[in-house]
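Take a look at the structure below.
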Amino acid sequence: MPAKKTFLKVQSNIATANVSIDGIIAGQANSLINTDPGKVLIEVSAPGYPTKKAYVNVVKNNENTVTVNLEKPKPKPVPKPKPKAVVKKGKPK
């Protein structure tokens, strides 16, 4: 009987997101990644999105699944221009 393997599947709304496990690039989101069991730090990143990090306890001989969705950063509000001083022309009284 073949030995069971330990897998982690990181589901994400960004299919092309990169997945790192303990600081090492391990694959892309929504695919099975063969990994060691135990507590691991996963990082999910994609261009234009802030990276999300999470600790996951990976169970030995199991297909573990975790969902990490990325969100675009909210645009910073544009500051309103300050009113310009009104200069009155004419002769002083």
Yes or no: K39 modelled with pLDDT under 95 and out of contact with any Asp or Glu (no Cβ under 8 Å at 6 or more places or on another chain)?
no
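If you check K72, K80, which single one turns out to be in contact with a Gly (Cβ under 7 Å, 6 or more places away or on another chain), assigned to a loop (DSSP other than H, G, I, E, B) and among the charged types (D, E, K, R)? Can you show your working first?
Working: K80 fails: in contact with a Gly (Cβ under 7 Å, 6 or more places away or on another chain).
From the options K72, K80, the qualifying one is K72.
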Do you know which of the residues in segment 25-63 that are of a type in the set (V, I, T) and part of a strand (DSSP E or B) is nearest to K9 (Cα to Cα)?
I33
For the list (1) open to solvent by 70 Å² or more (accessible area, probe 1.4 Å); (2) free of Cβ contacts under 8 Å to residues at least 24 places away in the same chain, I need the number of the one condition that G27 fails.
(1)
With the checklist (1) at pLDDT 95 or above; (2) in contact with a Phe, Trp or Tyr (Cβ under 7 Å, 6 or more places away or on another chain) in hand, flag the one item E63 doesn't pass.
(1)
Residues located in segment 37-78, provided they are open to solvent by 50 Å² or more (accessible area, probe 1.4 Å), touching a residue at least 40 places away in the same chain (Cβ under 8 Å) and of a type outside the set (K, R):
V59, N61, N62, E63, T65, T67, N69
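The values are calculated or read from the model by the stated rules, or taken from the named source; none is laboratory data. This is a predicted model, so every value here is computed, not measured. Note that we place each Cβ from the backbone using ideal geometry, even for glycine, and neighbour counts take in every protein chain shown. Keep in mind that these areas ignore ligands, DNA and RNA; they rest on the heavy atoms of the full protein, side chains included. Shrake-Rupley method; radii C 1.70, N 1.55, O 1.52, S 1.80 Å.
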